[in-house]
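Bear in mind that the values in this text are calculations on the coordinates, not laboratory data. Everything numeric in this text was worked out from a predicted model, so none of it was measured. Using ideal geometry, Cβ is built from the backbone for each residue, glycine included, and neighbour counts are taken over all protein chains shown.
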Amino acid sequence: MNIIEAISTRKSIRDFTADPVPQHILKKILEIASRAPSAENSQPWEFTVVSGIILDTIRKANIEKLKSKAVPHPDLPVKSLPRGSVYRRRQIEIAKQLFGLMDISREDLEKRDRWMELGFRYFNAPAAIVISMDRSFHYPRPIFDIGSITQSICLAALHYGLGTCIANQGITYPEVLHEFAKIPESKRIVISIAIGYPNWDFPANKVVSNREPAENITNWIGFE
Ligand SMILES: Cc1cc2nc3c(=O)[nH]c(=O)nc-3n(C[C@H](O)[C@H](O)[C@H](O)COP(=O)(O)O)c2cc1C
């Protein structure tokens, strides 16, 4: 797959086959993605790759927290998108697309809850990559670098036939990851990525999310 095709076809995958991802492939992906740029070549990222029984334990602990209505407190604060903004409109658009494909109606609270849980379960992926950074980094600048490596991981995964979903939901309760994935308290947990072989029969995996045409958000200065 060439780079243009990879960038153009990458999409979030929200269900996976049960096939495990061989560790040597995950290693290769992280090795390749580590070529991502970072400010002053600081390379603020650290990876914790979780699979097997430990990942199942983390999923269970996340769901228990969610169901007990524990207050979300990710290391990276997440605020709702401003009501009435174009950003919120885009959020609603993708939610409608996904709920449409999954046949989830507004009123069906049970289905909505089950959908909501998916991200906290890393979409039942056979592996999850958790990216953290040392708390000594002046926050939030390294988030830019971690964004770039996150995209590189998602693109490199495509080369191996793997799908990914970046998941804020998976890091909602950092204490779960500190405890079970043994991520030291001295690390700030930035993002998680579910990774595995896509289940193409899962309706939501057919989604193609919308994009604002680049022309609408670009000012051209100094061109004839
Ligand atoms: C920082 C970040 C966090 C995200 N967190 C979640 C999440 O918790 N749950 C989820 O279903 N998708 C999550 N996504 C995926 C986005 O919803 C998705 O990238 C967006 O809708 C565009 O769709 P696409 O990835 O298929 O192109 C996240 C994406 C990013 C970049």
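Put a plus charge on the Cβ of each Lys and Arg, a minus charge on the Cβ of each Asp and Glu, and nothing anywhere else: the dipole of the chain about its Cα centre is then about 420 debye.
Given axes a ≥ b ≥ c from the Cα gyration tensor, I'd like to know whether the chain is rounded (a/c under 1.5), prolate (a/b larger than b/c) or oblate. Can you show the working numbers first?
Working: a/c = 1.25, a/b = 1.04, b/c = 1.20.
Taking the square roots of the gyration eigenvalues as a ≥ b ≥ c, the chain is rounded.
Here the Debye sum runs over all C-alpha atoms of the range 4-52 as equal scatterers in vacuum, and log10 of I(q)/I(0) at q = 0.27, 0.29 Å⁻¹ comes out as -1.17, -1.16.
Placing R0 at 35 angstrom, the Cβ-Cβ distance between residue 89 and residue 28 gives a FRET efficiency of 0.35 after rounding to 0.05. Which of the three applies to the range 43-122, rounded, prolate or oblate, going by the alpha-carbon gyration tensor with a ≥ b ≥ c and a/c under 1.5 meaning rounded? Since a/c reaches 1.5 but b/c is at least a/b, the shape of the range 43-122 is classed as oblate. Note on residue 19 and residue 63: their simple-model spin labels are 2.5 nm apart, each label 7 Å out from Cα toward Cβ.
Can you say what percent of the DSSP beta bridges in the chain, counting only those with both residues inside, are antiparallel? Round to 5. Please report the intermediate quantities before stating the final value.
Working: 20 of 21 bridges.
The antiparallel fraction comes to roughly 95 percent.
The residue among 176, 198, 158 whose Cα reaches farthest toward the positive pole of the charge dipole of the chain, with charges on the beta-carbon of Lys, Arg, Asp and Glu, is 176. Summing Lys, Arg as +1 and Asp, Glu as -1, what charge do residues with Cβ under 12 Å from the Cβ of residue 207 carry, residue 207 excluded? So the surrounding residues net to +2. Using bins of 10 Å that start at zero, the share of Cα-Cα pairs per bin across the range 1-84 amounts to 11, 26, 39, 23, 2, in whole %. Rounded to whole numbers, the Karplus 3J(HN,Hα) couplings from phi for the range 116-124 are 4, 5, 3, x, 6, 9, 6, 6, 6 Hz, using 6.51 cos²θ - 1.76 cosθ + 1.60 with θ = phi - 60°, and x at Gly and Pro. The chymotrypsin sites (Phe, Trp or Tyr not before Pro) of the range 36-131 include none that DSSP puts in a loop with a beta carbon having at most 12 other beta carbons within 10 Å. Amide H contacts under 5 Å for residue 188: 133, 134, 135, restricted to partners 5 or more places along the chain or on a different chain, H placed in the peptide plane at 1.01 Å from N.
Give the calculated FRET efficiency between residue 73 and residue 47 to the nearest 0.05, with a Förster radius of 25 Å applied to their Cβ-Cβ distance.
Details: r = 22 Å, r/R0 = 0.89.
Efficiency for this residue pair is about 0.65.
The HN-Hα couplings worked out from phi for the range 218-224 by the Karplus form 6.51 cos²θ - 1.76 cosθ + 1.60 (θ = phi - 60°) are 10, 9, 9, 10, x, 9, 6 Hz, whole numbers, x standing for Gly and Pro. Can you tell which of 99, 76, 87 lies farthest toward the positive end of the dipole of the range 74-118, using +1 and -1 charges on the Cβ of basic and acidic side chains (Lys, Arg; Asp, Glu)? My answer, from the dipole projection, is 87.
Restricting the trypsin sites (Lys or Arg not before Pro) of the range 79-147 to loop positions (DSSP other than H, G, I, E, B) with no more than 15 neighbouring Cβ atoms within 10 Å leaves 79, 83, 106, 135.
Applying the criteria of a DSSP loop state and at most 14 other Cβ atoms within 10 Å to the GluC sites (Glu not before Pro) of the range 129-203 yields 185.
Helices in the chain, meaning DSSP H runs of at least 4 residues, each add -39500 (n - 2.57). Divided by all residues, the mean residue ellipticity at 222 nm is -12500 deg cm²/dmol. The eigenvalues of the Cα gyration tensor, multiplied by 5 and square-rooted, give the range 141-224 an equivalent ellipsoid with semi-axes of 30, 22, 12 Å from largest to smallest. If a/c stays under 1.5 just call it rounded; otherwise compare a/b with b/c (prolate if a/b is bigger, oblate if not). Do that for the range 92-168, with a ≥ b ≥ c from the square roots of the Cα gyration tensor eigenvalues. It comes out prolate by the Cα gyration axes.
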